[in-house]
1. Using 0.36 nm per residue of separation minus the Cα-Cα distance, give me the extension gain between Thr106 and Ala123 in nm, one decimal.
2. Would you please classify the overall shape of the range 20-140 from the alpha carbon gyration tensor, given that a ≥ b ≥ c denote the square roots of the eigenvalues, rounded means a/c under 1.5, and beyond that prolate means a/b larger than b/c while oblate covers the rest?
3. Give the Kirkwood hydrodynamic radius (Å, one decimal) of the range 80-195, defined as one over the mean of 1/r across all pairs of different Cα atoms.
4. Rounded to whole Å and ordered largest first, report the semi-axes of the equivalent ellipsoid of the chain derived from its Cα gyration tensor (root of 5λ).
5. Can you give the extra length, in nm with one decimal, that the chain gains between Asp173 and Leu209 once fully stretched, where that is 0.36 nm per residue apart less the Cα-Cα distance?
6. Using a Förster radius of 35 Å, what is the FRET efficiency between Ala75 and Ala11 based on their Cβ-Cβ separation? Nearest 0.05, please.
7. Mean-square fluctuation check for the chain, GNM, Cα pairs under 10 Å: which of Leu40, Leu89, Leu50 is largest?
8. For the chain, what relative contact order do you get, as a whole percent, if you take Cα pairs closer than 8 Å and at least 6 residues apart?
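Laboratory data are not the source of any read-out in this text; all were calculated from the coordinates shown. Here the structure is a predicted model, which means the values were calculated and not measured. Here the Cβ positions follow ideal geometry from the backbone for every residue, glycine too, while neighbour counts run over all protein chains shown.
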Amino acid sequence: FDPNDGNRVVAASTIRMEVSANAGVNWINSVGSPGSFGGLPFANNPSLVLIGLAAGPKFGGGTRFYATIFNGLDAGSPLPAACQSNSSLPCKGGVYYSDDGGYHWTAGTGITDDSASHVTIGATPGTVFVSQNHTGGYPGGVYKSTDYGATWATSSSGLPSCNISDLAAAPSDGQVVWAGCAYEDAAQPGGIFRSSDAGANWVAYGSGLRNPSITGIIVDPTAA
């Protein structure tokens, strides 16, 4: 939901973006109405999967929407033929952002192999975090942006290679970020990890978890 416009809703449905301008009564999507959307890569690369959405402030006021797009192909795989013959086509995964309610999207830069999974908005203005799973040969980990999603840098020190199932930045403390990891095997059983320095370093957190395979995580907005 757009925090500045109660009628604006953006939804994800695997390979398309859905937008409503009247609180969900009617919808258009990026496949059925491609002329109403711009910059999204799904039409040019069917291996991409839309996983995460978030909405936060943009520089100067208003709302910026974020979408994380996972690449279903193994890392290093060639792009589809149409993308190879026309480099101007939006073809890659990663993080995209929109400043007009979901109609036009721009790709951020700096995420290794252009594949991202989950997204969360930090409490410090301009700060956004995304995760990348390490399946398919991707390095995995957490990436951080301090310019509202335009550029990204790895921010994973101390975080083991794991399939991050969710990220959650503390809404009232710009230094605290949480990551939940799903179970893979005995050597990588999952668990919860916490950063107390805005993603620079991570430590395992949560002694006594009955089942360390974490599938989702959320932070109480009244207590970091």
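1. The Thr106-Ala123 span can extend by a further 3.9 nm.
2. It comes out oblate by the Cα gyration axes.
3. Averaging 1/r across every pair of different Cα atoms and inverting gives 15.1 Å.
4. 28, 22, 15
5. Separation in residues times 0.36 nm, less the Cα-Cα distance, equals 10.6 nm.
6. Rounded to the nearest 0.05, the efficiency is 0.80.
7. Leu89
8. 13
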